[in-house]
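Written below as structure tokens is the structure these notes are about.
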Amino acid sequence: MNKALKKIVIVGGGTAGWLTAGILAAEHNSRSPEGIAVTLIESPEISTIGVGEGTWPTMRNTLQNIGISENEFFRCCDASFKQGSEFIGWVTGEKNDSYYHPFIAPHGFGQCNLTSHWLQSKDNIPFAHAISFQPHLCDAGCAPKQIQTPEFAAVANYGYHLNATKFAKLLQEHCTKKLGVKHVVDHVIKINGHIDDDIQSLTTKEQGEIAGDLFVDCSGTASILLAKHYQIPFISKKHILFNDSAIAVQVPYSDKDDVIKSHTLSTAQEAGWIWDIGLPTRRGIGHTYSSSYQSDFEAELALKTYLAKDLSEESIKQLQIRKLSFEPGHREKFWHKNCVAVGMASGFLEPLEASALALVELSAKMISKELPTDHAIMGIAAKRFNQRFTYRWQRIIEFLKLHYVLSKRQTSQYWLDNRQNASIPERLTELLQLWQYQEPSFNDFTEIEEIFPSASYQYILYGMGFKTQVRTSTRKPNDEAKAQHFLQENYQLGQKYQAGLPSNRALITHIINTGLPK
Ligand SMILES: Cc1cc2nc3c(=O)[nH]c(=O)nc-3n(C[C@H](O)[C@H](O)[C@H](O)COP(=O)(O)OP(=O)(O)OC[C@H]3O[C@@H](n4cnc5c(N)ncnc54)[C@H](O)[C@@H]3O)c2cc1C
């Protein structure tokens, strides 16, 4: 059937819906009559999930592409800088058990194998600190750029921490006012089209029927198009990633000048872990855990014990605790007929490594780039999308599981069971065997846009004390001198940047009051 694609309808006004709308409308010129029309339907009855406060550096590129200024973003979204994650207590749970997964690759990555050098050294400097200057910036609470650095440019690679509700609001305003996205506030009550065929239109409660050529399901866990209408099965991953619950609180700073951490703190608990994210006006703190290993009461107690480090009993009592449940897993496929799911509607694993919004960005970008000009090639676009994203979900599952598999914590059944062979994906088991004899490399992750490159695997493996027997047969006479040069350079960069960069709070205050150069 030959039919030009003219109108896209998105269901859902959470971060996934608005990011997808922005990416599609910016690329396909929705403001102009010649462009592709984008309509977003959002139910006034169902609120957005409202969590999702950590992004990847990819968000800088996304914001730039859709035309949101970084100054505006910081002012509207209570945003701060994120330079990576610090994992506390994940290896043994003992004092000083902490390591970083920063956003920049090991210094000289691709030019000099500092990893191999570090593996042989007897220096006792933690991996990330030895081969990257970014953990030093995080320790010192530095911002990743200077006040003179233009919007989106970086001294050290960074993503953001943000208020998810404010972010969705900014995206909505930008998409409707600047990019020509039509916003319909109404509840979808009926999907028109046979289950074996394309969706023709959606019926809304108040505003009748809305027709389209492509339908993007961003309806959150309800997944009203892909799951409810097309009955695409859900594949649970709970046997691999055990967490299925979360409790979250918003914690005010005791002083308006308190330090804003420029990285996410992830602290291991008996049956999960606690995230701690610093925004300019508050911290977002939450405990994600497995309901099979811990009751809600015990999880709340663990969160309160964490909060008691900084807050009085009285202040803790006043906090509003929000409970969320989720089933870790994803749909069997993501694009079916003329419907593609993005965000929670396609699946969710757990917040570790904050990969959900990155996956939204990647999904929306691929839909946008491969948007079938004509209906005749819709099936090919769907097949390519499903292949690419099945691969990506698998890689994310393995990478998240790696954090649990490498732990030596003995304190609870949760951690012991996480290391049971039956819970570990086969490919990960094989790679762990291989990495005893060679470091993770480009050969293990061969896609051009790998979601987690080999550098990320190195940070987790060696941060958690994994041992690789270094191959010595390939060593060249000047390797040692070259490694020393890069290590020295890394050290000097760390010193220089620490001296020259403002604190995270100082730079954010400057952005809010004055702004970064364009
Ligand atoms: C505990 C937790 C922590 C997380 N932390 C992170 C993180 O740090 N980083 C990260 O990247 N991600 C994180 N995530 C994931 C992140 O929150 C989501 O990926 C993101 O918010 C996108 O959600 P969404 O837009 O898909 O769904 P939602 O926000 O749930 O939006 C669904 C939308 O669909 C609409 N809708 C539903 N039914 C209908 C209907 N019948 N008619 C019309 N509209 C309808 C609703 O009104 C709503 O607008 C976290 C998730 C959880 C659970």
Just a yes or no: is a residue in segment 48-65 part of a loop (DSSP other than H, G, I, E, B), surrounded by fewer than 16 Cβ atoms within 10 Å (Cβ to Cβ) and more than 14 Å from the ligand (Cβ to nearest atom)? no
Among (1) among the charged types (D, E, K, R); (2) away from the ligand (no atom under 16 Å from the Cβ); (3) surrounded by 22 or more Cβ atoms within 10 Å (Cβ to Cβ), which single condition is LYS95 missing? (3)
Hey, can you tell me all the residues within segment 186-195 that are part of a strand (DSSP E or B) and among the charged types (D, E, K, R)? LYS190
Can you confirm whether CYS76 is away from the ligand (no atom under 16 Å from the Cβ) and at pLDDT 95 or above? yes
For the structure I just gave you, tell me whether SER132 is over 17 Å from GLY278 (Cβ atoms) and in contact with a strand residue (DSSP E or B) (Cβ under 6 Å, 6 or more places away or on another chain). yes
Considering each residue of segment 433-469, count those that are part of a helix (DSSP H, G or I), hydrophobic (A, V, I, L, M, F, W, C) and surrounded by 17 or more Cβ atoms within 10 Å (Cβ to Cβ), and give that number. 3
When residues of segment 490-518 are filtered for being in a loop (DSSP other than H, G, I, E, B) and among the polar types (S, T, N, Q), how many remain? 1
Residue match in segment 7-23 (condition: under 23 Å from the mean Cα position of the chain (by Cα), assigned to a helix (DSSP H, G or I), more than 15 Å from the ligand (Cβ to nearest atom) and crowded, with 23+ Cβ neighbours inside 10 Å): no
I want to confirm something. Restricting to segment 315-345 and keeping residues that are among the small types (Gly, Ala, Ser) and in contact with a helix residue (DSSP H, G or I) (Cβ under 7 Å, 6 or more places away or on another chain), which single residue is farthest from the ligand (Cβ to nearest atom)? ALA341
In segment 272-290, which residue that is within 15 Å of the ligand (Cβ to nearest atom) and assigned to a loop (DSSP other than H, G, I, E, B) is nearest to ASP97 (Cα to Cα)? SER290
Lone qualifier among GLU353, GLU327, GLU300 - being surrounded by fewer than 21 Cβ atoms within 10 Å (Cβ to Cβ), in a helix (DSSP H, G or I) and acidic (Asp, Glu): GLU300
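The values are calculated or read from the model by the stated rules, or taken from the named source; none is laboratory data. Here the structure is a predicted model, which means the values were calculated and not measured. Backbone-built Cβ (ideal geometry, glycine too); neighbour counts: all protein chains shown.
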